[in-house]
Amino acid sequence: MLLAPIAAWAQEFQCAALKPSSKREPPYGRAKDGPYCEGYFEQDISAAYLEVVSFVRSGGKAAGSNQPLSLHAASVASRLVVHPLVQGIPFRADIANKEGGTHWMPKPMLDATGLRLVDLGFLALVSPAAGQPLTLIPISIGGPSTGPSIALIRTSVATREVSWRLVPEGSPASESTGWQKAPRGEVERWGLVDIEVRPPSGQSGPFVMHVRARRDDGSLLPVLLFRIAAL
């Protein structure tokens, strides 16, 4: 009796709108053995920017690279994304989120890219309403976790300072208030900045996360905005 619901769930899942690579194997596309998509895709980079590449609850324990990885995110997430933290390797896996935990085998990605588990970033995406920015919730690896949530921000240029703030959705925020400096904001091009995201006392979300970075010449990169459905 479970086969029909599982089949329907698998059929509803769609790959991301990415152009499969014509030069690298395997090209991005739907897998044959489950509701997920994986592979290399075409990528163009033309401007300086910040991006969130991982949003994970700390304290999780990953199995070995030859074993399925247990990924846990609240059921509000529609898909899980796994991709390299290393720039220049446009490989990605999109996996249907399953209530109670989702299992994904990392070995094909690691074999194709030559990376290790610690070189991968994990995101749990929530389908945003019209007009909303990228919406995330923390993802736990290896089992449910209540540890603090860590956002990894990647910058396409060298920076001397990275700041961030967490604003309750719908609350007015002055452009100059509420900013906190990231502990390690001075990074080289394509460097990673980790930010421990803790909600204000008594609040769980939704929030809007603002991240800004200052280049070595003093100029600011465009502010990165993403929505956090819950913490």
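Structure values in brief
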{"read-out": "Crossing angle, helix 3-12 versus the chain [Cα axis fit, 0-90 degrees, rounded to tens]", "value": "50"}
{"read-out": "Label-point gap, in nm, between ALA74 and LEU192 - each point 7 angstrom along Cα→Cβ", "value": "2.5"}
{"read-out": "Helix-only CD estimate at 222 nm, as mean residue ellipticity for the chain, using -39500 (n - 2.57) per DSSP H run (n ≥ 4)", "value": "-2000 deg cm²/dmol"}
{"read-out": "Neighbour net charge for GLU161 - beta-carbon separation under 13 angstrom, K R +1, D E -1", "value": "+3"}
{"read-out": "Separation between Cα centres of segment 160-206 and segment 113-154, rounded to whole Å", "value": "16"}
{"read-out": "Surface per residue (accessible, 1.4 Å probe) for the chain, Å²", "value": "52"}
{"read-out": "Sulfur and carbon atoms: percent of accessible area, segment 69-112 [1.4 Å]", "value": "52"}
{"read-out": "Listed residue (MET109, SER75, ALA48) projecting farthest to the positive dipole end of segment 17-129, Cβ model", "value": "SER75"}
{"read-out": "Residues ILE45 and THR177, FRET efficiency given R0 of 41 Å [Cβ-Cβ distance, rounded to 0.05]", "value": "0.80"}
{"read-out": "Percent antiparallel among DSSP beta bridges (both partners in the chain, rounded to 5)", "value": "95"}
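The values are calculated or read from the model by the stated rules, or taken from the named source; none is laboratory data. Computed from a predicted structure; not experimentally measured. Reconstructed Cβ throughout: ideal geometry from the backbone, glycine too, with neighbour counts over all protein chains shown. Remember, those area values only see protein heavy atoms, side chains included, never the ligands or the DNA or RNA. Shrake-Rupley method; radii C 1.70, N 1.55, O 1.52, S 1.80 Å.
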